[in-house]
Structures are given as C-alpha cells and as structure tokens.
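In what follows, a structure is listed as structure tokens, so that the remarks can point back to it.
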Amino acid sequence: MSNPTPQQWASRAGAAAQGGDAPGALRILDEARQTYPQEAGLWHYSGKLALQAGNPGAAADFFARASNLAGGKVEFAIDQAIALTSAGRLREALDLLAHIESAGTGRASYWSARANAARSHGDAADAADWYERALALEPQRATALHGRAGLALERGEADSVARFDKALQVDAGNAQLWLGKAQALDVEGDTRGARTIIEQVVAQAPHYTDAL
C-alpha cells in the first residue's frame, strides 16, 4: 500500500482539527512532515493549526520553514509576521515585513499585518498609514477595519464611533467591535448609549470578561 500523499495527510489533519482534536491534528502533520520534509504546504498548514491552537511561537517557526521551502513566498512570510506579532516578537515581525515590502506592497493582507505589528509596537502614526493602505486596496477587509477603529479610539480621533460602525457592517457578530464602539461612545460622553450596547453584549456573552 502506497504512502498517503501530502494532500491526504492534510485532509486527515483537517478532519481531526474540525473534530476538535487540535493536538491530534498537529501530531498527524508531524508525521506528514517527516514523510515529506520538503513539502512547504505541510509546514504552512502546521503553522495555521499551531496559531489556532494558541502557540504563535511554534506557528512562526513553521511559517518560516514554509517560506524558505517555497522560495520566500510572500503569503507565507506574511503569515510568519502575523504569528510573530501574536507572539509579541514585534521587532522581528516589523523587520520581516520591511524586508518583503516590494513583494507585498500590492496586497491588503501585507499592509494590514504591518499595521497590526506597528500598532502593537506603539508606532501609531505608521500603523494608521498602513491600515489606510490596506483599506485602499480592500475596503471591506475586516482585520484592517477593526484595527483602524481600535487605533482611532486609542488616539482619541473624532470619528472613532463611525469607524466602529463601518467595521461592524462587515463583522456584526464581533463582540470586541461592540465593546470598542461602547468605549468610543463613552469617550464622546454618551454613557447611556455605551451602557446600552455593553449590556446587550453581556446578555449574549455572559462570560466575556472585558465586557463585564
């Protein structure tokens, strides 16, 4: 009987992940990578699952290996930067993104990832510019809309409520966005409106501690 193909290994891991067995999915991919160590897609999928499992450091390493095997594929490098940002390795993320700017400049995902890293690093002006570049390329990009709204709140910008409204048009079920809108209303002095929103959030998500 022949060995499973890389796609078959990935399907097995995907089925395990969908069944709620994230550790099992990663074990399947460990075996798959031993069988096909030069298969970039398996390393990339391992990174995605590791990131979903809350291990961004391991995810960053998987994405880096995938990128190297794929000849510096820009999508893999962007995912690596996203994982580095999640792991708090912000300088590494920003350096990587600066290095691939010429390849990533036409992608909203690139500018959104760079803005998120800059915002976490405290570079608010750069983050604002890069969110706007992402949105110019993809006006409905949820992560960029969310990040730009959050940055507007942090900077006390006058249009922060409007920015949260725009983000909610794309991702209406995101409790973090509703929390952000409530905070923006509170900053504007609309305490009653803020409380109304946050009480609705708590009613629907009673264990959401930030809303509580």
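The values are calculated or read from the model by the stated rules, or taken from the named source; none is laboratory data. Keep in mind that what you see is a predicted model, and the values were worked out from it rather than measured. Heads up, the Cβs are rebuilt from the backbone with ideal geometry, glycines too, and the neighbour counts pull from every protein chain shown. Remember, those area values only see protein heavy atoms, side chains included, never the ligands or the DNA or RNA. Shrake-Rupley method; radii C 1.70, N 1.55, O 1.52, S 1.80 Å.
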Cα-projected label distance for Thr35 with Ala125, points at 7 Å along beta-carbon direction, nm = 5.4
How far apart, in nm, are two points set 7 Å out from the Cα along the Cα-to-Cβ line at Gln176 and at Gln52?
-> 1.8
Taking a straight Cα-to-Cα line shorter than 22 Å from Lys48, and setting aside same-chain lysines fewer than 8 residues away, one finds Lys73
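Quickly rank 168-177, 8-17, 194-203 as a protection proxy: mean count of other C-beta atoms within 10 Å, highest first.
Working: 168-177: 14.2, 8-17: 17.8, 194-203: 15.7.
In decreasing order of mean packing, 168-177, 8-17, 194-203 become 8-17, 194-203, 168-177.
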Got a number for carbon plus sulfur as a percent of region 82-212's accessible area, 1.4 Å probe?
-> 48
Net charge contributed by nearby residues that have their C-beta within less than 14 Å of Arg27 (K/R +1, D/E -1) = -1
Scan (1) 28, 19, 17; (2) 43, 34, 15; (3) 36, 22, 13 for the value of semi-axes √(5λ) of the Cα gyration tensor in Å calculated from this model and give just the label.
-> (3)
Whole-Hz Karplus couplings 3J(HN,Hα) for region 163-178, θ = phi - 60° and coefficients 6.51, -1.76, 1.60, Gly and Pro as x, run 5, 5, 4, 5, 5, 5, 4, 9, 9, 5, x, 8, 5, 5, 5, 5
Mark the label point 7 Å from the Cα of Gln140 along Cα→Cβ and return the residues of region 171-201 whose backbone N is within less than 11 Å of it.
-> 171
Which peptide among 136-149, 87-100 comes first, and what is the full order, when sorted by highest mean count of other Cβ atoms within 10 Å?
-> 136-149, 87-100
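Mind checking the per residue accessible area of region 1-145 for me, 1.4 Å probe, whole number of Å²? Intermediate values should be presented prior to the final figure.
Numbers: 7150 Å² over 145 residues.
For region 1-145, the solvent-accessible area averages 49 Å² per residue.
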Inter-probe distance in nm under a simple model that places probes 7 Å from Cα toward Cβ, at Glu92 and Thr105 = 2.8
If Lys and Arg each add +1 and Asp and Glu each add -1, what is the summed charge of the other residues whose beta carbon sits under 10 Å from the beta carbon of Ser46?
-> +1
Excluding residues on the same chain fewer than 8 positions from Lys166, give the lysines whose Cα lies under 19 Å from its Cα.
-> Lys181
Nearest 10 degrees, 0 to 90: helix 22-35 Cα axis against the chain principal axis = 40
Before rounding to the nearest 500, sum -39500 (n - 2.57) across all DSSP H runs of length at least 4 in the chain and divide by the residue total; then give [θ] at 222 nm in deg cm²/dmol.
-> -24000 deg cm²/dmol
